[in-house]
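Here's the structure, in structure tokens; my notes come after.
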Amino acid sequence: KKKGHLSDQEEDTVEFLKNMQIMFYCSLMIALLCGLSVAYYPTCLVQCGQKIGLKYNRERNTWLNCHPKICARGTCPLQNFLPNKHGCHGEIFYIYNEFGGYVKSGDRVGLYYPREKLWFGCPHGNYCNKKPCPGKPNYKTGFENRAKWDQCWGEVFKIYAVRRHVGEPIQEYDSIMLYYVREKKWVSLAGGRTDKRPCPGTPPPSDNKFEACWGEAFQLVPIDF
């Protein structure tokens, strides 16, 4: 063997080590990217009784708020809920579905407002507010009992998520719409105060309706504290 030249076995070893190095750096980059993806866009499924906030898609740092008297747009907690944002009581809700377990697109749901132990409802007039019916929430039946789903029609909504088929579990950070079954209208923040509007029409809404009907689209944000 000439000086300065590698044998075939040595060249194979060098090539192997180079490939291993490339694979290591590729794996490291994938791990970092996946870690960032999970950190910013977790794929946890929404469950009955989960604490959430509804972020208004149309305007940055705007949320559905029910404090102190009416339900309208609110700016607390700005970008997202953090453990030090305990003052944002008006934007905190618990979501309950009719049969417990994971909340699915097309489910009947209610939004419980723990600040005043009331429910988000739209029973009278054009505006939505806080109402006492259906009473105490239940992790298995959503409302106090299943009969309340028909008795408290003002507080019953159907939830639909973008890119989710009816019956498919909704994930945290999904864009959602709330359909007010009683009047066949949709919960909206387009006018500032929470009201009911016809867009996007008959459910389930198509994915492009989440862009067209911007006043009725929210991001379902989990609250972990």
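The values are calculated or read from the model by the stated rules, or taken from the named source; none is laboratory data. These numbers were taken from a predicted model, which means no experiment stands behind them. All Cβ positions, even for glycine, are placed from backbone atoms using ideal geometry, and neighbour counts span all protein chains on display. Please note that ligands, DNA and RNA were not included when accessible areas were found on the heavy atoms of the full protein model with its side chains. Shrake-Rupley method; radii C 1.70, N 1.55, O 1.52, S 1.80 Å.
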TODO: Go through segment 154-168 residue by residue and turn each phi into a ³J(HN,Hα) via Karplus (6.51, -1.76, 1.60, θ = phi - 60°); whole Hz please, and just put x for glycine and proline.
DONE: x, 10, 9, 10, 9, 9, 10, 10, 5, 6, 10, 6, 4, x, 8
- [ ] Would you pull out the residues with amide H under 5 Å of D174's amide H, same chain only if 5 or more places away, H placed 1.01 Å from N?
- [x] L220
- [ ] Report the net charge of residues surrounding E211, where surrounding means a beta-carbon distance below 13 angstrom and charges are Lys +1, Arg +1, Asp -1, Glu -1.
- [x] +1
Open item on the list: Using the Karplus curve 6.51 cos²θ - 1.76 cosθ + 1.60 with θ = phi - 60°, what ³J(HN,Hα) values do you get for each residue of segment 52-63, in whole Hz, with x for Gly and Pro?
Closed with: 9, x, 10, 8, 6, 5, 5, 10, 5, 6, 10, 9
TODO: Report the label-to-label distance for H124 and H89 in nanometres (one decimal), using points 7 Å from each Cα along the Cα→Cβ vector.
DONE: 2.5
TODO: Only Cα pairs under 8 Å and at least 6 apart count here; give the relative contact order of segment 100-183 as a rounded whole percent.
DONE: 35
Task: Among the listed pairs K69/K209; K55/K196; K117/K148; K51/K184, those beyond 20 Å (Cα-Cα) - done: K69/K209; K51/K184
TODO: Counting other Cβ atoms within 10 Å, keep those with at most 12, restrict to DSSP loop, and tell me which trypsin sites (Lys or Arg not before Pro) in segment 85-136 are left.
DONE: K117
Open item on the list: Rolling a 1.4 Å sphere over the protein heavy atoms, what is the accessible area per residue of segment 131-184, to the nearest Å²?
Closed with: 52
Open item on the list: If amide hydrogens are placed 1.01 Å from N in the peptide plane, which non-local residues have theirs closer than 5 Å to the one on R108?
Closed with: E98
Open item on the list: What does the extension gain come out to for K136 and H165, with contour length at 0.36 nm per residue minus their alpha carbon separation?
Closed with: 7.4 nm
Task: Modelled label reach - C199, point 7 Å along Cα→Cβ, segment 119-137 residues with backbone N closer than 12 Å - done: none
Open item on the list: Can you tally the net charge around L118? Count Lys and Arg as +1, Asp and Glu as -1, for every other residue whose Cβ sits under 15 Å from the Cβ of L118.
Closed with: +3
Open item on the list: Quick check on segment 77-133: take the gyration tensor over C-alpha atoms, sort the square-rooted eigenvalues as a ≥ b ≥ c, and tell me if it's rounded (a/c under 1.5), prolate or oblate.
Closed with: oblate
- [ ] Please name whichever of G167, V181, F210 sits farthest to the positive end of the charge dipole of segment 138-225, dipole taken about the Cα centre and charges placed at Cβ: Lys and Arg +1, Asp and Glu -1.
- [x] V181
Task: Sequence-separation-based contact order of segment 44-193, relative, with Cα cut under 8 Å and 6+ spacing, percent - done: 24
